[in-house]
1. May I ask you to sort B:Arg72, B:Arg87 by Cβ crowding, counting other Cβ atoms within 10 Å and putting the fewest first?
2. If you line up the Cα atoms of the protein assembly as shown on their principal axes, what length do they span on each, largest first, in Å?
3. Take the Cα of B:Ala63, step 7 Å along the line toward its Cβ, and report every residue of segment A:41-63 whose backbone nitrogen sits under 19 Å from that point.
4. How big is segment B:67-106 in terms of Cα radius of gyration and Dmax, in angstroms?
5. For chain A, modelled as a GNM with alpha-carbon contacts under 10 angstrom, which of A:Trp104, A:Trp212, A:Trp118 fluctuates the most?
6. What ³J(HN,Hα) values, in whole Hz, does the Karplus curve 6.51 cos²θ - 1.76 cosθ + 1.60 give for segment A:85-94 when θ = phi - 60°, with x put for Gly and Pro?
7. Run the helix sum for chain A: -39,500 (n - 2.57) per DSSP H stretch of 4+ residues, divided by residue count, reported at 222 nm to the nearest 500 deg cm²/dmol.
8. By count of other Cβ within 10 Å, fewest leading, how are B:Ile104, B:Ile56 ordered?
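Since every read-out is calculated from the coordinates, none of them should be taken as a lab result. If you're wondering where the values come from, they're calculated on a predicted model, not measured in any experiment. Counting neighbours? That spans all protein chains shown, and the Cβs are built from the backbone with ideal geometry, glycine included.
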Amino acid sequence: MKNTFNKSFRQGCFEGAGIPGISLCASFFALGAVFKNTGLDAYQSFLSTLIAFALPGQVVMAETLIVQGALLNVFLAVLLTNARLYPMTVNLIPVVRQEGRPKWHYYVLSHFIAVTSWVHFLANYEKIKKEDRFNFFLGFSSTLWFLSVIATVIGFYIAGIISKKIFIALIFLNPIYFLCMVVSNLRTKHIIFTVIFSFILSPILFLLSPQWSVVIAGLVAGIVSYLIFIHFK
Amino acid sequence: MSSSYIYFAIILSAIATYLPRILGAMSSAYVDENGKIFKFVSCISYGILAALISRIFIYPVGALEETATLSRLIAAALTIACLFMTRKNVLFSSLFGIILFGIIEY
């Protein structure tokens with residue numbers, strides 16, 4: 001544990017405070033404004049990002065609260081929205097695994113796994129030595145989490161002050177950043193096929209089942225790609 | 001909507017968010033970085049991420065709903081072009097994307 005907060009951790013913190021942090025802050029800033037409109041107070045907005053750090057799930061929670069949804073509905077809607085975090089975590093932990101490190105360290109680390117940290121890290125992890133990856137990712141992702149908590153509170157307090165046009169442009173930064181990271185990480189045939197197929201399939205499925213479209217499109221594209229390019233190769 | 005109701009909703013959301021993460025961390029013990037399961041999970045993860053991005057661009061929720069689908073798609077397409085022209089410079093391309101989107105939309 002004493003070796004965790006070393007140079008690699010600090011490098012991760014530094015990297016997190018760059019474009020990934022700026023991009024994520026823009027979205028959480030907008031989330032703070034959404035929470036204010038939903039009827040949450042500043043403490044509740046702060047707590048939400050602190051303990052339930054995953055933007056799409058937090059938006060779904062706010063939407064369910066607006067329509068006076070039951071607590072069970074909130075739980076199931078958020079669980080379904082955040083189901084993507086399961087394969088992402090399964091995918092990321094083997095990359096950062098270190099011999100001798102206790103399991104609970106990975107359970108703590110998993111709280112910080114979200115789309116921005118996952119996509120950025122998997123695009124760059126090969127440049128980092130295996131023994132430094134855990135510390136780097138912890139520094140990187142915890143910085144993103146910390147900045148997101150602050151951005152949520154700032155967004156809550158200054159919602160309505162900034163121009164709506166700038167506000168919308170800020171929200172657009174995060175999906176544009178995701179897009180750039182995913183496209184820049186397209187190196188193997190199976191990932192290229194998965195991404196293109198899923199990108200086309202998702203909006204079609206949305207017309208049939210808005211709630212399940214993302215999960216089903218991802219599963220279908222992923223399984224088909226795996227079978228074609230890896231299993232039957 | 002009472003304050004305690006909102007706090008309960010936040011705590012339940014936190015559990016619903018942490019559950020897939022901790023289950024993923026537990027399952028990962030059986031996954032080798034160079035094995036086939038790792039590649040399979042990579043395919044699923046990238047598939048879900050691409051589906052999510054596609055949905056945000058074509059059927060967004062919240063403030064982006066007020067913008068034109070064509071503006072978002074043109075901005076996305078030209079951002080990808082910019083990404084390749086700048087040898088995958090993510091920072092420059094992301095900034096290019098939002099500035100372009102702002103110009104097209106307004």
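1. Numbers: B:Arg72 21, B:Arg87 8.
Going from sparsest to densest Cβ surroundings: B:Arg87, B:Arg72.
2. 50, 43, 40
3. Zone members listed by number: A:41-42, A:45-46, A:49, A:54-63.
4. 9.7, 29
5. Highest fluctuation among the options: A:Trp104.
6. 5, 5, x, 5, 5, 4, 6, 8, 4, x
7. Numbers: 12 runs with 174 residues, N = 233.
When only DSSP H runs of four or more count, the value is -24500 deg cm²/dmol.
8. Values: B:Ile104 15, B:Ile56 24.
Taking fewest neighbouring Cβ atoms as first place, the list is B:Ile104, B:Ile56.
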